[in-house]
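*Asks:* Have a look at the structure that comes next, please.
The values are calculated or read from the model by the stated rules, or taken from the named source; none is laboratory data. Please read these numbers as outputs of a predicted model, since none were measured by experiment. Don't worry about glycine lacking a Cβ; one is built from the backbone with ideal geometry, like all the others, and counts go over all protein chains shown.
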Amino acid sequence: MNAETRSCKQCQQPYVIEAEDFGFYEKMGVPAPVLCPICRSKRRDQLRNETTLYSRTCAVCKKSVVSMYHPKSPYTVYCDKCWESDQWDRFSYAQDYDPKRPFFEQLGELLVRVPKKATYISGLTAANINSEYTNVAGGNKNCYLVFNSGYLEDVSYSRGLRYCRDSLDLYYANNSERSYEGVNIQQSNGVAFGQNVSGSLDSSFVMNVSGIQNCFGCVNLRNKTYHFLNEPLSKEEYEKKTGAIRGSYSRTQEFWKQFKEFSLKFPRRENTNLKTVNSNGDFLVECKNVQHCFEQTSCEDCKYSAYNKSLKASYDTTGYGYDSELLLECVGVGYSSRVIGSYWVEGQSQNVEYSFAIRGGENMFGCDGFKKAKYCILNKQYSEVDYKKIRAQIVAELQSKQLYGLAMSPEIAPFAYNETIAQDNFPLTKEQALKEGFRWQDDIQITKGKETMKSEQIPDHIRDVKDSIVNEVLGCISCGRNYKLIPAELQFYRKMILPVPRQCFYCRHQARLARRGPLTLYDRKCDHCQKDIKTNFAPGRPEIVYCESCYQKEVI
Ligand SMILES: [Zn+2]
Ligand SMILES: [Zn+2]
Ligand SMILES: [Zn+2]
Ligand SMILES: [Zn+2]
C-alpha cells in the first residue's frame, strides 16, 4: 500500500500513514488508526499517572499508603503486599461479555470492581528501599518524589533517571552524581543547572557541553576547564567570579536569566540523539529505524513511542519495553509480546489486549489484575475455542466503531487527564480536556496558605539558612502550594553551595519539562545550510538550530 493522508477523527488535522505503517498494522491484525499521532498519544498517556499521589488506606490491612488513585475515585486500593498476595481471587470478579452493550463500558465496570495496586511499582523489578513517595520506579534507595526511574540512591524530585546518586531535581539523567537542576545529564558529577551535559565535572549553568570541568555559564564547549561565559579565566579569577554567585538565591536567578540570553547566541543541534541510525526524535540513544520517538534507548523499528528501553517493532507505546516486541497503544508494558491497548503488562505475557495489570498472561482480553492465566475475557476463564469465538465478537464490535487498535477509551481510564503525563506532554485547559472526551480532576490534594515561613524570610544565601528551616512550611512563589525541605536536601544545598528553591517540586518539574521541549517533531530548515530537519524546536522559536553536520563543524 502507498502512503495515505487522512483527517483525524478527533482534531480533524491531516496525518500521514506511511506505506510501512500499513504493514505493521496488518501484522498486528488491526486497521490503520483513525486518530492522528498526537490525539493517540493524549489518549494513551491519560493512563499514566506518575506524579499525582494521594494518601489512602489499604482496603485489606488498613495500612496507610501512597496511591495514584484519587480517594474519591471508585477504585479499591490495596497496598503492595496485599495486592501481590494470593489472598484474593482474580476470577471472583469474572463478568460475561454482553454483546448488546459496548465492550468498553463493560471493561470500565470490571476496572472499577477489581482492586488496584496503590502505585505502579513493579513487583518484578528490584524493590524500593526507604522510598515511599515514588511511582513507576524500582530498585531505588532513600529516594523521595522520583518517577519513572530506577537504581537511584539518595535522589529526590526527579524523573527519568537511571543509576544516579546524591542528586536533586533532574530530568532524564544516567550514571550521574551530585547533580542538580539538570535536563539530560549523562555520566557527569557535580553539574548544576545543566542541559545536555555529558562526561563533565563540577560545572554550573552549562549547555550542550562534554568533557568540561570547572566551567560556569558555558555553551557548546568540549574538553575545557576554568571557563566563564565561554572565556578562559585563571583559577583564582574563576573562583572569585563564581563564588560571588553560588549559594545566593537572587544572584543565581539573575545569572540564570543572563545565561539563558547568552545561550541564544549559540547554535543548537537539531536533536540530542547519540549513536542512532535512520532515526528521528529526541533523547534517543543507540536506536535504529526509530521514528517520532523520545527518550528511548536501544530500540529498533519503533514509531510514536517514548520512555522505552530495548523495545522492538512497536508503535504508540509509552514507557518500559525491555525485550518486548509488537506492542501497540501500550502504557508501561515490558517483557512481553503482541500486546494491544493495555496498561502495565509484564512477565513474558503474550497476546494480551485491552487489559490492566497482567503478569505472565497469554491470550487475555479485557482482564485486570492477573498473574499467570490463559484464555480469559473480562476475568472469566474460557476454553481456547470459546475464547477465540468471544474475542472475535468483541473485535468485530470494536472494529465497527473504529476503536480496535486504539488505546482504551478515555472515559474508563482510572485517572483524569490532569493527573497524568498527558497533561505534561500535551497540556490542555479543563474545558479543552472535557471537550476532547477526557476526565478532569478539580480536587488534586494541594495544601495552600499554611506556610510558617514566607519566601522573603528565607535567607538569600544558603550559609545563612538555619537547620530549623526543615521544620517550616514554605509557600511556592509561583503556585502558592506548600512544600517542605527534607533534611538530606538541606545538607545537599549546603554541600553544593546552592540556594533554597522558592518554588515547589511541581513547578520546578514543569520548568524542566519546558526546558526539555515538547515531545513533538517539527519540520524546520537548518539555520546554516537550509537543509530540511526534524526537531522539537518549533519554527519561530528564538533558538538558532543547526543540522547535525553544520553543528559538528561549528562546535568541534
Ligand atoms: Zn488528532
Ligand atoms: Zn494492605
Ligand atoms: Zn508551585
Ligand atoms: Zn546544516
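*Asks:* Could you identify the single residue in ARG502, ARG516 that is under 30 Å from THR535 (Cα atoms), outside the structural domain of GLU295 (by TED's automatic domain parsing) and touching a residue at least 40 places away in the same chain (Cβ under 8 Å)?
*Replies:* Working: ARG502 fails: under 30 Å from THR535 (Cα atoms).
Criteria check complete, one pass: ARG516.
*Asks:* Further question: Return the total of residues in region 170-195 being acidic (Asp, Glu) and surrounded by fewer than 24 Cβ atoms within 10 Å (Cβ to Cβ).
*Replies:* 1
*Asks:* Which ones in region 30-49 are under 19 Å from ARG338 (Cα atoms) and basic (Lys, Arg)?
*Replies:* ARG40, ARG44
*Asks:* State the number of residues belonging to region 410-447 that are more than 20 Å from GLU329 (Cβ to Cβ), touching a residue at least 12 places away in the same chain (Cβ under 8 Å) and part of a helix (DSSP H, G or I).
*Replies:* The qualifying residues number 2.
*Asks:* Could you check THR125 against (1) β-branched (Val, Ile, Thr); (2) more than 13 Å from GLU50 (Cβ to Cβ); (3) crowded, with 19+ Cβ neighbours inside 10 Å and say which number it fails?
*Replies:* Condition not satisfied by THR125: (3).
*Asks:* Separate question: Do any residues in region 448-462 that are among the charged types (D, E, K, R) have Cβ atoms under 9 Å from those of residues that are part of a helix (DSSP H, G or I), where the two are at least six apart or on different chains, and which pairs are they?
*Replies:* ASP460/TYR249; ASP460/SER250; ASP460/ARG251
*Asks:* Quick one: in region 543-556, of everything that is within 14 Å of MET207 (Cβ to Cβ) and either among the β-branched types (Val, Ile, Thr) or in a loop (DSSP other than H, G, I, E, B) (or both), which residue is nearest to ligand 2 (Cβ to nearest atom)?
*Replies:* Here the residue is GLU543.
*Asks:* Also: Give the number of residues within region 500-529 that are within 16 Å of ligand 4 (Cβ to nearest atom), outside any loop (DSSP other than H, G, I, E, B) and either among the basic types (Lys, Arg) or buried (at least 20 other Cβ atoms within 10 Å of the Cβ) (or both).
*Replies:* Within region 500-529, residues that are within 16 Å of ligand 4 (Cβ to nearest atom), outside any loop (DSSP other than H, G, I, E, B) and either among the basic types (Lys, Arg) or buried (at least 20 other Cβ atoms within 10 Å of the Cβ) (or both) number 2.
*Asks:* It is to be established whether one or more residues within region 30-41 are among the polar types (S, T, N, Q) and within 16 Å of ligand 2 (Cβ to nearest atom). Quick ask: steps written out before the conclusion?
*Replies:* Initially, region 30-41 is screened for residues among the polar types (S, T, N, Q), giving 41.
Keeping just the survivors that are within 16 Å of ligand 2 (Cβ to nearest atom) gives none.
Within region 30-41, none of the residues are among the polar types (S, T, N, Q) and within 16 Å of ligand 2 (Cβ to nearest atom).
Listed here are the residues, each with its yes/no results for (1) buried (at least 17 other Cβ atoms within 10 Å of the Cβ); (2) within 16 Å of ligand 2 (Cβ to nearest atom); (3) among the polar types (S, T, N, Q).
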{"residue": "LEU47", "(1), (2), (3)": "yes, no, no"}
{"residue": "THR51", "(1), (2), (3)": "yes, no, yes"}
{"residue": "SER55", "(1), (2), (3)": "no, yes, yes"}
{"residue": "CYS58", "(1), (2), (3)": "yes, yes, no"}
{"residue": "LYS62", "(1), (2), (3)": "no, yes, no"}
{"residue": "SER67", "(1), (2), (3)": "yes, yes, yes"}
{"residue": "HIS70", "(1), (2), (3)": "yes, no, no"}
{"residue": "CYS79", "(1), (2), (3)": "yes, yes, no"}
{"residue": "SER85", "(1), (2), (3)": "no, yes, yes"}
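*Asks:* Let me ask something else. For PHE365, all conditions in the list (1) in contact with a Cys (Cβ under 9 Å, 6 or more places away or on another chain); (2) assigned by TED's automatic domain parsing to the domain that holds ARG43 hold save one; what is the number of the exception?
*Replies:* Among (1) in contact with a Cys (Cβ under 9 Å, 6 or more places away or on another chain); (2) assigned by TED's automatic domain parsing to the domain that holds ARG43, the lone unmet condition for PHE365 is (2).
*Asks:* Can you name every one of the strands (runs of 3 or more DSSP E) wholly within region 7-93 that holds 3 or more residues which are within 16 Å of ligand 1 (Cβ to nearest atom)?
*Replies:* On the way: elements: 14-17, 54-57, 64-67.
Answer list for region 7-93: 14-17.
*Asks:* For the structure I just gave you, tell me whether ASN379 is at positive phi and touching a Cys at 6+ places or on another chain (Cβ under 6 Å).
*Replies:* Values: at positive phi: yes; touching a Cys at 6+ places or on another chain (Cβ under 6 Å): yes.
In short, yes.
*Asks:* Scan region 212-219 and tell me whether some residue there is within 19 Å of MET496 (Cα to Cα), at pLDDT 95 or above and of a type in the set (S, T, N, Q).
*Replies:* yes
*Asks:* Go over the candidates LEU406, LEU398 one by one and state the one that is assigned to a loop (DSSP other than H, G, I, E, B) and either within 21 Å of ASP316 (Cβ to Cβ) or in contact (Cβ under 8 Å) with a residue 60 or more places away in the chain (or both). Spell out the reasoning first.
*Replies:* Values: LEU398 fails: assigned to a loop (DSSP other than H, G, I, E, B).
After ruling out the rest, the residue left standing is LEU406.
*Asks:* Inspect all residues belonging to region 247-265 and state whether any of them is within 21 Å of SER188 (Cβ to Cβ), in contact (Cβ under 8 Å) with a residue 24 or more places away in the chain and of a type in the set (Gly, Ala, Ser).
*Replies:* yes
*Asks:* Do we find that ALA433 is within 16 Å of ligand 1 (Cβ to nearest atom) and either modelled with pLDDT of 95 or more or surrounded by fewer than 17 Cβ atoms within 10 Å (Cβ to Cβ) (or both) in this structure?
*Replies:* On the way: within 16 Å of ligand 1 (Cβ to nearest atom): yes; either modelled with pLDDT of 95 or more or surrounded by fewer than 17 Cβ atoms within 10 Å (Cβ to Cβ) (or both): yes.
Spelling it out, ALA433 is indeed within 16 Å of ligand 1 (Cβ to nearest atom) and either modelled with pLDDT of 95 or more or surrounded by fewer than 17 Cβ atoms within 10 Å (Cβ to Cβ) (or both).
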